[in-house]
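Down below is the structure, laid out as structure tokens.
Quick note: the coordinates plus some simple rules give every number you see, no bench work behind them. What you see is a predicted model; the values in this text were computed from it and never measured. We place every Cβ from the backbone using ideal geometry, glycine too, and count neighbours over all the protein chains shown.
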Amino acid sequence: MTQADSISKFESLILDSENAFKSGKWTQSIALGESALKACHLRLSVNNPRCIYIMKNNSLAYEQAGELIEHADKIERAYRVALLQFGPFHHFTIKTREVFYHLAVKQKRYSETIPIVIAIIHHERTNTNDELEILNKFIELYALYKKTNQVQYEVPTLESIATLTKKTMGADTDNYQQAVIALAECYCKQKNYKKFDILASRYSLDIKCD
């Protein structure tokens with residue numbers, strides 16, 4: 001096979017994998033995508049943008065096919081390589097991060113999930129600034145801090161939740177009342193009695209801090 005034939009075969013393989021991906025033929029997309037990635041690494045390099053593009057498509061195909069766990073190492077590698085080469089806000093990084101996030105949650109890798117959620121919040125704030133979506137991510141973040149016993153981050157996270165709940169849902173809603181109560185209870189637990197008293201008085205909370 002001549003070099004020209006080899007290049008043509010390589011380009012054809014990439015095109016076939018792209019077409020399968022765009023058509024939603026996930027099993028075919030995975031098979032072709034993995035072959036294309038292997039050829040790309042041999043012809044170019046692991047860090048080449050074309051190879052990372054294939055890795056991104058493969059990660060999305062794994063998720064669509066319901067095969068996150070089966071391809072865990074490849075999904076994590078795709079995210080790490082994209083992050084290293086392009087930084088946190090590139091399209092390839094964002095897409096591979098989303099898949100890795102779902103994988104990490106599924107595997108209960110809570111400590112590793114925290115920086116991903118923080119990155120998603122930052123991206124939302126600097127782009128669409130969808131405050132309801134940001135609120136939901138802060139709620140996830142608070143749950144992760146609880147699961148990993150990172151008590152020092154609970155209060156600032158609950159303060160953000162309360163602020164965003166008030167902005168997105170209103171001060172007269174049950175959701176805001178629940179957010180305020182959760183914040184007051186956290187102040188109490190951490191022995192910040194001054195802030196507890198201020199909050200309890202301001203919102204006439206029927207809770208005690210002993």
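So the values come out like this:
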quantity	calculated
Check on I94, closer than 26 Å to Y145 by Cβ and in a helix (DSSP H, G or I)	yes
Members of the range 140-154 found to be surrounded by fewer than 18 Cβ atoms within 10 Å (Cβ to Cβ) and either farther than 17 Å from K108 by Cα or aromatic (F, W, Y) (or both), listed by number	V151, Q152, Y153
When residues of the range 37-73 are limited to those that are under 18 Å from E18 (Cβ atoms) and without any contact (Cβ under 8 Å) to a residue 24 or more places away in the chain, the one nearest to the chain's Cα centre (by Cα)	C51
